[in-house]
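The values are calculated or read from the model by the stated rules, or taken from the named source; none is laboratory data. Please read all numbers here as calculations on a predicted model, not as lab measurements. Quick reminder, even Gly has a Cβ in these numbers, built from the backbone with ideal geometry, and neighbours come from all protein chains shown. Quick note on the areas: whole protein, heavy atoms, side chains included, nothing else; ligands and nucleic acids left out. Shrake-Rupley method; radii C 1.70, N 1.55, O 1.52, S 1.80 Å.
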Amino acid sequence: RPERPRPERPAPPSREPPEKAEKPGKPARVEQPAPAQKPDRPEKAEPDRPEKAPVEPPPRPPREPAPARASRAGTEDVLEVFRKHDGAIKQCVERALADDDSIMRGRVMLKVVISDDGSLRRVSLPSPLDQSKLGLCLSGQMRRWEFPAQGRTYTAEIPLVIGD
């Protein structure tokens, strides 16, 4: 069996007291351990990269302002439009009642949102009327009407009596 060569060990430190180890005329000093040597590898050069700026989230889209409550005058103007189209409203109600006798009767509130130019932006009816034949007929009719423009979007609540 061949013997492996053993690595060389550094010589043990001198056991003599420091005074004897010093040379005359030189002050005593504490020896620091030798710094660990780095392997002989060339350092990798960092490629020139521009400093990354912090990533900011994209700006939010401008938020649509909430419709303003109609003034009493605005609600009265919208009611006037409903009165003007009373025949179309009655026609929608009568057709819906003839086709579906389960439609709730009584007073319901329509909520309408009018754009700044006077066009109907949205109409809301209480559920289940909103998707019923009556709701679809009413919203289809109202989209054709012209409402008073107030230069801003506004909301009005209009009472509607069904089946009386």
Exclusive hit being within 15 Å of G74 (Cα to Cα), in contact with a helix residue (DSSP H, G or I) (Cβ under 9 Å, 6 or more places away or on another chain) and small (G, A, S), set A156, A149, A88: A156
From the set of residues in segment 119-143 that are free of Cβ contacts under 8 Å to residues at least 24 places away in the same chain and assigned to a helix (DSSP H, G or I), which is farthest from Y154 (Cα to Cα)? Q131
Give me the residue from segment 105-118 that is farther than 18 Å from E80 by Cβ and assigned to a strand (DSSP E or B) and, out of that set, most open to solvent (accessible area, probe 1.4 Å). R107
Scan segment 105-124 residue by residue and report those that are over 33 Å from the mean Cα position of the chain (by Cα) and among the hydrophobic types (A, V, I, L, M, F, W, C). V108
Between a residue in segment 57-82 that is open to solvent by 40 Å² or more (accessible area, probe 1.4 Å) and any residue that is at pLDDT below 85, which pairs come within a Cβ distance under 9 Å, given they are 6 or more apart or on different chains? R69/T75; E76/A70; D77/A70
Given the options S132, S102, S127, name the one that is surrounded by fewer than 16 Cβ atoms within 10 Å (Cβ to Cβ) and more than 32 Å from the chain's Cα centre (by Cα). S102
